[in-house]
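Here's the structure, in structure tokens; my notes come after.
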Amino acid sequence: TLSSSSAASDVYKRQVHVKGFLEDIHRWMRAADALVTKAGPNTIAEALVLGVPLILTSAIPSQETPNVKWIVEGGAGIWAPEARECSEAILELLENQQVAAEMKANASRLARPSAAENAAALLFEIAESSDAERQRDRWQ
């Protein structure tokens, strides 16, 4: 078990920071070994872009539960809705560097850093084509 392993004593000595809302969350995420959070899409997107493994502790039913499935099936995080599961997930990532490295790589693989720009470009394209159709219809 983890509590009886020699690595456990090293894991328990690590510095842990528990924070609420932060304006500079990206800086904290860059320095983090893992992010413990609910399955909100913005936080997930930021963590993926930064390659941070996720430990998801809650999700709004129907709205965020697909996020949990996507992250867990994509290998970028762990679903840990109970306190014990959460602490075990944290220890697993801190103790097992191979698992942590795989989750970091999977997070980076799932990331879509240009998603907002791509969505805006698509919306602009749709708006332009709709405007062109209106102009054409006006002259016919």
How large is the accessible surface of residue 82 in square angstrom, using a 1.4 angstrom probe and rounding to the nearest 10? 110
What ³J(HN,Hα) values, in whole Hz, does the Karplus curve 6.51 cos²θ - 1.76 cosθ + 1.60 give for segment 49-65 when θ = phi - 60°, with x put for Gly and Pro? 4, 8, x, 9, x, 10, 10, 8, 9, 7, 7, 5, x, 6, 7, 10, 4
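Using heavy-atom solvent-accessible surface (probe 1.4 Å) with all chains present, what is the largest-first order of 109, 27? Could you put the intermediate results ahead of the total?
Values: 109 130, 27 155 Å².
Sorted descending by solvent-accessible area, the residues read 27, 109.
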Amide H within-cut-off set for residue 55, under 5 Å, with H built and near neighbours excluded: 35, 36, 37, 78
Give the lysines reachable from residue 19 as a straight Cα distance under 16 Å; neighbours fewer than 8 places away on the same chain don't count. 38
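The values are calculated or read from the model by the stated rules, or taken from the named source; none is laboratory data. Predicted, not measured: the structure shown is a model, and the values here were computed from it. The area values use the complete protein model at the heavy-atom level, side chains included, leaving out ligands, DNA and RNA. Shrake-Rupley method; radii C 1.70, N 1.55, O 1.52, S 1.80 Å.
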